[in-house]
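The structure under discussion appears below in the form of structure tokens.
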Amino acid sequence: MTRTDVVVIGAGVMGSATAHWLAANGTKVVLTEQYSRGHQRGGSHGDSRIFRLAYPDGDYIQLARQSLTLWHHLEETCGRELLVRTGGVDHGLAAVAAVGGALEQHGVGFEVVPGPTAMDRWPGMRFEGEVVFQPDAGRLQAGDVVDSLQDLAVGDGATVLFDCRAEIARIGDTSVVVTTERGDFEAATVIVAAGPWVPLLASRHVELPELRITHEEPAYFPVRSASDSWPVFVHYDASERSSFAGYGMEVPGRGVKVGLHASGSVIDPDASERPSSGEVRERLAGYVASWLPGLEDRPTETVSCIYDSTPGEDFVIDRRGRVVVATGFSGHGFKFAPAVGQLVGRLARGEVDSPPRFRFRGG
Ligand SMILES: Cc1cc2nc3c(=O)[nH]c(=O)nc-3n(C[C@H](O)[C@H](O)[C@H](O)COP(=O)(O)OP(=O)(O)OC[C@H]3O[C@@H](n4cnc5c(N)ncnc54)[C@H](O)[C@@H]3O)c2cc1C
């Protein structure tokens, strides 16, 4: 039995950001990961994720702003470029009012570009009506981010164990015991940052909202003209205010990665097989053909990844006794990782309470 302050279960971007923050702030931490380093079975792998400030919701704008400062700090700390600034466009009939209005309210700079002008500026894309352009948006180098967070955590004294599946064994008055494939750990607090696997690990201990675990398959499409410039983009389905339809970003040397948000089928995260969906691939190719004329409409590669979505796409970050949980990142969490890592670390140290909208069911 090894004693430590905190055990973190799950070394995706959220568990790794939390372990980094805790270790950098003097807490003894053990980070466990069931798969090997760099695995592709969760939600944090690959080369790219969208960073944006543009949300139709002030809380997420504030969290994204806080994260932007922390991303720059992380880049300085690890000496790597993690966020490539490209600017971002949000479009769709619901976008300008909802996103533009929220950005204005929160004093974030943006531009409303008329449709025809936008199509001149970004000829690879088609727009119906005006678009919102926000210059601070960009592409996060996902794999490099997770690597850097893990390296920094180890540099600050954290223990990181790969190929080491863990589970909560027992919760006592003064400590919690976590059993792993590498022995047992006794800690003051356990953080379950296991994304789509959280219901399997924590639903006995906390009241989780419904989590929909889906297999998502964005794909890379070749650009027709190398001279086109590509901001990251989010396309709001006209009928929806909050949830978006299509999204994408250019990845140098690979084309443009395009995805249909929350379009995948429900899966068991532990299932070894994750069948690819011909229906989603067809819908995606159709989406590209109608909205992204600057791309070939046949993908070169499809990516396999998992979402853990809550009904309202709000995150679940809360604590019950000695158990802290971080999940429900609903396909849009990566950009907030440094701020989430700090919040989860401080929750575990009893320094803060969970923000009301991120609380377990029943608050
Ligand atoms: C296709 C796709 C596109 C996305 N695009 C964007 C985007 O553009 N912008 C954005 O901000 N976000 C985006 N996201 C969302 C973002 O990537 C996720 O919200 C984020 O990566 C979730 O991180 P996580 O650490 O919570 O989960 P995960 O990365 O899934 O990590 C959980 C980890 O826990 C481990 N684990 C589980 N059980 C155990 C156990 N018993 N013992 C030890 N380890 C265990 C798993 O192996 C896994 O590594 C996207 C997600 C997907 C799938």
Within the group 38, 15, which residue is modelled with pLDDT of 95 or more, within 6 Å of the ligand (Cβ to nearest atom) and in the same structural domain as residue 347 (by TED's automatic domain parsing)?
-> 15
Go through 313, 273, 282 for me and flag whichever is outside any loop (DSSP other than H, G, I, E, B), acidic (Asp, Glu) and either open to solvent by 10 Å² or more (accessible area, probe 1.4 Å) or touching a Lys or Arg at 6+ places or on another chain (Cβ under 8 Å) (or both).
-> 282
If residue 23 satisfies every condition in (1) open to solvent by less than 60 Å² (accessible area, probe 1.4 Å); (2) within 15 Å of the ligand (Cβ to nearest atom); (3) outside any loop (DSSP other than H, G, I, E, B) but one, which is the exception?
-> (2)
The correct count of residues that are closer than 27 Å to residue 148 by Cβ, open to solvent by 70 Å² or more (accessible area, probe 1.4 Å) and over 21 Å from the mean Cα position of the chain (by Cα) in the range 78-114 is 0
Segments classed as strands (runs of 3 or more DSSP E), wholly inside the range 127-194, with at least 2 members that are more than 14 Å from the ligand (Cβ to nearest atom) = 131-134, 166-171, 176-180, 183-187
Quick one: is residue 138 of a type outside the set (Ser, Thr, Tyr) and crowded, with 18+ Cβ neighbours inside 10 Å?
-> yes
Determine the pairs where a residue that is in the same structural domain as residue 40 (by TED's automatic domain parsing) and closer than 16 Å to residue 32 by Cβ, located within the range 187-207, has a partner that is within 6 Å of the ligand (Cβ to nearest atom) and part of a loop (DSSP other than H, G, I, E, B) with Cβ atoms under 6 Å apart, the partner being 6 or more residues away or on another chain.
-> 193/10; 194/10; 195/12; 195/42; 195/43; 201/194
Conditions (1) open to solvent by 10 Å² or more (accessible area, probe 1.4 Å); (2) not in a loop (DSSP other than H, G, I, E, B): number failed by residue 220 = (1)
Answer with yes or no whether residue 297 is surrounded by fewer than 21 Cβ atoms within 10 Å (Cβ to Cβ), assigned to a loop (DSSP other than H, G, I, E, B) and touching a Lys or Arg at 6+ places or on another chain (Cβ under 6 Å).
-> no
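The values are calculated or read from the model by the stated rules, or taken from the named source; none is laboratory data. Quantities reported herein were computed from a predicted structural model and do not represent experimental measurements. Glycine gets a Cβ as well: all are built from the backbone with ideal geometry, and neighbour counts include every protein chain shown. Heads up: the accessible areas ignore ligands, DNA and RNA and are worked out on the full protein's heavy atoms, side chains in. Shrake-Rupley method; radii C 1.70, N 1.55, O 1.52, S 1.80 Å.
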